[in-house]
Amino acid sequence: MTWRSHNQRDANQPEIVAALRERGAYVVEIEHPLDLLVGYNGNWILVEVKDGQKAKIRPSQQSFVDQVVAQNLPAIFIRSLHELDYWFPKTSELGKNTVMLSDNSSAPLAADNEVDG
């Protein structure tokens, strides 16, 4: 797949990047194939920033995202800070939308079910 250069950044990208960093995300601004590589909550996510609901998604971008998602990898379009809240919740809200896995051997295996022995 070939990518054409699009040196122009969306007007809201600095605001999106700043909000991601405020949430503790590690953000790398890349040019191809999408705008951002974001490390957040133990995961890497490819992000294409679009300025508002009317901003057009190029066919090459949509094709790339479709291929990535088909491989069960995260790639998303972000058009606003509201959408950012959904995909990258503030640290205080992480427990609401995110499952944290841990090796906790003291955790119960079943919900208070008695086993006859």
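The values are calculated or read from the model by the stated rules, or taken from the named source; none is laboratory data. Given the structure is predicted, the values throughout are model-derived calculations rather than measurements. Using ideal geometry, Cβ is built from the backbone for each residue, glycine included, and neighbour counts are taken over all protein chains shown.
Residues in the range 18-36 that are without any contact (Cβ under 8 Å) to a residue 24 or more places away in the chain and hydrophobic (A, V, I, L, M, F, W, C) were compared, and the one that is nearest to D85 (Cα to Cα) is A18. Selection of the range 50-80 for residues being assigned to a helix (DSSP H, G or I), surrounded by 12 or more Cβ atoms within 10 Å (Cβ to Cβ) and of a type in the set (A, V, I, L, M, F, W, C) yields F64, V65, V68, V69.
Taken over the range 4-49, the criterion of being under 14 Å from F77 (Cα atoms) and assigned to a strand (DSSP E or B) is satisfied by L36, L37, V38, I45, L46, V47, E48, V49.
Every condition in (1) out of contact with any Leu (no Cβ under 8 Å at 6 or more places or on another chain); (2) modelled with pLDDT of 90 or more is met by L34 except one, and the failing one is (1).
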